[in-house]
Amino acid sequence: MKIIQIGTGGWGKNHARILSELGVLVAICDANIEKSKEYGEKYSVNYYDSLEKVLESEEFDGAFVVTPTSTHTEITKKLLEAKKHVFVEKPMTYKSEDGEKLTKIAEKNKVILTCGYIERFNPAVDVVKKIVHEKKYGDLVMLEFHRENRMPLHIKDVGIIYDTSVHDIDTANWLFNEMPQVVFARSGKIRHEREDFTNIMLGYKNDKVAIISSNWITPKKVRKFSAVCTEAIISSDFLTQEIKVEKNEDTEIIQNEKQEPLMREIQNFLDSIEDKSKQIVKTNEAVNVTKIAEAALLSSQKGTPIYLDLK
């Protein structure tokens, strides 16, 4: 299998490392030719400064698009029209309508289109989802997410909702196994051009709720979530992948093998090219996350809940 990568920014360097380790990376493309050359030479692959040159010169099966959100639609469209399988970093597109257009192109050309919602590949989320699905501690009623840190330097074109909160929006949908019916959000900006802190409430059927708290203000890195069930609280850390179950006066620590989520995510994309049924993050789910992010921004601006009808 032959894979190319477009973009070598703050997060893209990790994709390049893993694709090289897996022996599938054949070319790097970055608008900054110096960066493209740096990574091309580092991993002994061809390097380019434009997608057109890659399409002219390389034979490949799939591509990773790890570029600023504002560029995703144009780059992905060209790749899909060339009948290439595409993995796009989150969010898939800035506008949900663009995501819907890309979905149709992917379906028409019978290629995989997926998006980088990495927490689905976090072993801790796997374990919590299994516990919740089996109703080991009763019904899942509420989810809480806390994702805090200083703003990443490579983020230039979106605020915290599109960059950070989308992870937890997708994870909430994944754990509840459904889409929210209503979104209410408050957000503001202190140090940045766009919103840099937000609280989002997602309302699901039967009064179930997810609370998502994200900020680029606090200096300490926090990546935690908890699942409130009728018989226990299950809490976990996305970073350490530790899981704690608190029931009455008892606390149980669930041991599980720590793995690199990005490696699992990339491997799933490669497996999906061979067998489409293995695709975990479906295109319509990624589009729905963008729709929810749009609703959160709109709710924050209007100060009112936004009702959704997501399929």
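The values are calculated or read from the model by the stated rules, or taken from the named source; none is laboratory data. This is a predicted model, so every value here is computed, not measured. Cβ placement follows ideal geometry from the backbone for every residue including glycine, while neighbour counts extend to all protein chains displayed.
Restricting attention to the stretch 275-284, the residues that are without any contact (Cβ under 8 Å) to a residue 40 or more places away in the chain and of a type in the set (D, E, K, R) add up to 2.
Remark: pairs (first residue in the stretch 166-193, within 15 Å of N215 (Cα to Cα) and touching a residue at least 24 places away in the same chain (Cβ under 8 Å); second residue of a type in the set (D, E, K, R) and part of a helix (DSSP H, G or I); Cβ separation under 9 Å; 6+ apart in sequence or on different chains) = H167/E119; D168/E119.
Restricting to the stretch 198-219, name every residue that is in a loop (DSSP other than H, G, I, E, B) and farther than 16 Å from I160 by Cβ. Outline the logic, then answer.
Let us first name the residues in the stretch 198-219 that are in a loop (DSSP other than H, G, I, E, B), namely 204, 208, 216-219.
Y204, K208 - these are the residues of the stretch 198-219 that are in a loop (DSSP other than H, G, I, E, B) and farther than 16 Å from I160 by Cβ.
Which one of Q241, Q267 is touching a residue at least 12 places away in the same chain (Cβ under 8 Å) and in a helix (DSSP H, G or I)? So that I can check it myself, show each step before the final result.
Numbers: Q241 fails: in a helix (DSSP H, G or I).
The conditions single out Q267.
Condition first: assigned to a loop (DSSP other than H, G, I, E, B) and at pLDDT 95 or above. Can you find one or more residues in the stretch 284-302 that meet it? So far as the stretch 284-302 goes, no, none of its residues is assigned to a loop (DSSP other than H, G, I, E, B) and at pLDDT 95 or above.
Taken together, the residues in the stretch 23-77 that are out of contact with any helix residue (DSSP H, G or I) (no Cβ under 7 Å at 6 or more places or on another chain) and farther than 23 Å from A106 by Cα amount to 14. For V287, the test of being within 30 Å of F87 (Cβ to Cβ), touching a helix residue (DSSP H, G or I) at 6+ places or on another chain (Cβ under 8 Å), β-branched (V, I, T) and touching a residue at least 40 places away in the same chain (Cβ under 8 Å) is passed. Residues in the stretch 241-275 that are loosely packed, with under 13 Cβ neighbours inside 10 Å and at pLDDT 95 or above: E274, D275.
Right, E195: buried (at least 19 other Cβ atoms within 10 Å of the Cβ), part of a loop (DSSP other than H, G, I, E, B) and either touching a strand residue (DSSP E or B) at 6+ places or on another chain (Cβ under 9 Å) or not assigned by TED's automatic domain parsing to the domain that holds G10 (or both) or not?
Working: buried (at least 19 other Cβ atoms within 10 Å of the Cβ): yes; part of a loop (DSSP other than H, G, I, E, B): yes; either touching a strand residue (DSSP E or B) at 6+ places or on another chain (Cβ under 9 Å) or not assigned by TED's automatic domain parsing to the domain that holds G10 (or both): yes.
It is true that E195 is buried (at least 19 other Cβ atoms within 10 Å of the Cβ), part of a loop (DSSP other than H, G, I, E, B) and either touching a strand residue (DSSP E or B) at 6+ places or on another chain (Cβ under 9 Å) or not assigned by TED's automatic domain parsing to the domain that holds G10 (or both).
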